[in-house]
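Inspection log for the structure reproduced underneath, given as structure tokens.
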């Protein structure tokens, strides 16, 4: 019976509804949604049937679907009438906020957009900041937003949602150091500067480190062309470089800490050709992987700093003077004996002296080469730390024979020697030594002695004439080049000074002239009237 | 007489020496050798008197007397 009654009511109401005209706009949306009992978006007979099926019942407040359209607690004809009044109308479903991207509380940039998703297309959307664009179930809110805290209220037909964000500025690339396009080393770093701190920085090569407005990209990079793409939250920048190896110092020859001469060269080796080489002392010449530094350097301590584009190296040396040969005694080309020694003189003490023949002994600035040497031609090469020289000698057996007198103007025992003539003594070889002309009492007469090769000359000195018919002695010792010595002892008597003119004698000199005469003497006692 | 002595002295200078002493100015040796007249010739050899003779004479005689005292033959 209840079903029949309701059916009749439904039909009646349906008929009434078909003749009635209600504008949805005029009716509260909540009322319409209550009338759409089965929530299918349409108010139709099915809703009436549901009400009818519960007609007369008391319903709970939370019953779903609720046939108590007017919410008075019971299902009655008022509910049927309320539905009947809106039969045929479409009911827009309630629109609920589902999510927002980016999520609430996150950070935005000024130009970011915020997209809200609803479960149904929202209507009458308004926003407290920005511009809202509705697309189906989405609402996109675009700025630009003001940097700082953003409290964004979105209002739509069915609700309000407040979104909180922190708005940051857009970080724009400003510059790169070194700038794109240049040559860098594999170990260099590249610093990018932004107008605001960039976020979420990534790099295609190397490692990116962000510090405020800067991002430093560190390698090592691969040698060759380098295309470096930097990506951050707000953009992308591609930089191009040519990466070259870092030039590293390898070694120095001579090595640091050693002794060099003023004219030595120092060669530095690098693992790659260095560029922009400068030195604190000397002149640097770069060739391939090497740099040669030439002086002359000043004697003493040398601190040499070599700088190139990738680094600097300081080398320490002790600079000593270059040792130069001065002379040889005996000089090259002469004859020496097997037992002779050769003395070389240098301008500074030579070091590391070696000789091809004999034994070298260094003493200060001198080097003495001792034999014995082999008779014949001798080619003697002396090498020292700063040079080498070759000397030639003719080696003969040692001279052991003393010089002998072979001639001269006076011989031992001569009795008629001209007292006024220069005396010459000839020896068998060149001599040197000390020879004097003396009286029998061993007094030096004072004549001048000169040596000339194998001759010794005794030359009269005015006022020191020899007495006639007087015995004198030439005495001394001479030596040859081999130092063989010969004692000289030549005794002679000067000739008479008598020249054939009768000598005038007196009582005073009678005894000397007459009684001392070597020759027989005839005295004429005369009267000069 | 002087030219004779001079000539002999020069010619025989390598054999003997000729000296002369003025008896008027050198009385000591004049007295010591007992000179009584002039010219007097005394021949010394090795500091000793070898002989003596008196009187002027030609040079060849003078030479002969001296060489005779000295026992030297006339050189060729």
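List pairs: first residue in segment A:28-47 and at pLDDT below 80, second residue outside any helix (DSSP H, G or I) anywhere in the structure, Cβ distance under 8 angstrom, at least six positions apart or on different chains.
Listed by first residue and then by second, the contacts come to A:29/A:91; A:29/A:92; A:29/A:157.
Would you check if there is a residue in segment A:467-490 being free of Cβ contacts under 8 Å to residues at least 40 places away in the same chain and either under 30 Å from residue A:337 (Cα atoms) or at the interface with another protein chain (Cβ under 9 Å from one of its Cβ atoms) (or both)?
The answer is yes, given that some residue of segment A:467-490 is free of Cβ contacts under 8 Å to residues at least 40 places away in the same chain and either under 30 Å from residue A:337 (Cα atoms) or at the interface with another protein chain (Cβ under 9 Å from one of its Cβ atoms) (or both).
Scan segment A:491-528 for residues that are modelled with pLDDT of 90 or more, closer than 26 Å to residue A:473 by Cα and at the interface with chain B (Cβ under 7 Å from one of its Cβ atoms) and jot them down.
Selection gives A:514, A:515, A:520.
Can you tell me which residue within segment B:1-51, out of those that are facing chain A (nearest Cβ under 7 Å) and part of a helix (DSSP H, G or I), is farthest from residue A:525 (Cα to Cα)?
Going through the qualifying residues, I end up with B:10.
Quick test of your reading of the structure: residue A:429 fulfils all but one of (1) outside any strand (DSSP E or B); (2) in the same structural domain as residue A:347 (by TED's automatic domain parsing); (3) surrounded by 15 or more Cβ atoms within 10 Å (Cβ to Cβ). Name the failing condition by number.
Among (1) outside any strand (DSSP E or B); (2) in the same structural domain as residue A:347 (by TED's automatic domain parsing); (3) surrounded by 15 or more Cβ atoms within 10 Å (Cβ to Cβ), residue A:429 violates only (2).
Among residues belonging to segment A:251-283 that are assigned to a strand (DSSP E or B) and free of Cβ contacts under 8 Å to residues at least 24 places away in the same chain, point out the one that is farthest from residue A:191 (Cα to Cα).
The residue in question is A:253.
Tell me which residues, restricted to segment A:355-382, are assigned to a loop (DSSP other than H, G, I, E, B), at pLDDT 90 or above and touching a strand residue (DSSP E or B) at 6+ places or on another chain (Cβ under 8 Å).
Of everything in segment A:355-382, those that are assigned to a loop (DSSP other than H, G, I, E, B), at pLDDT 90 or above and touching a strand residue (DSSP E or B) at 6+ places or on another chain (Cβ under 8 Å) turn out to be A:356, A:357, A:358, A:365, A:373, A:374, A:375.
Restricting attention to segment A:477-495, and to residues there that are buried (at least 18 other Cβ atoms within 10 Å of the Cβ) and within 24 Å of residue A:402 (Cβ to Cβ), which single residue is nearest to the chain's Cα centre (by Cα)?
A:480
Condition check ((1) buried (at least 17 other Cβ atoms within 10 Å of the Cβ); (2) modelled with pLDDT of 90 or more; (3) more than 55 Å from the chain's Cα centre (by Cα); (4) not in a loop (DSSP other than H, G, I, E, B)) across all residues:
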{"position": "A:99", "(1), (2), (3), (4)": "no, yes, yes, yes"}
{"position": "A:150", "(1), (2), (3), (4)": "yes, yes, yes, yes"}
{"position": "A:153", "(1), (2), (3), (4)": "no, yes, yes, yes"}
{"position": "A:205", "(1), (2), (3), (4)": "yes, yes, no, no"}
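Any idea which of A:146, A:133 is more than 24 Å from residue A:235 (Cα to Cα) and either assigned to a strand (DSSP E or B) or more than 39 Å from the chain's Cα centre (by Cα) (or both)?
A:133
The values are calculated or read from the model by the stated rules, or taken from the named source; none is laboratory data. Note that the coordinates shown come from a computational prediction; the quantities given were computed from them, not determined experimentally. Note: ideal-geometry Cβ built from the backbone for every residue, glycine included; neighbour counts use all protein chains shown.
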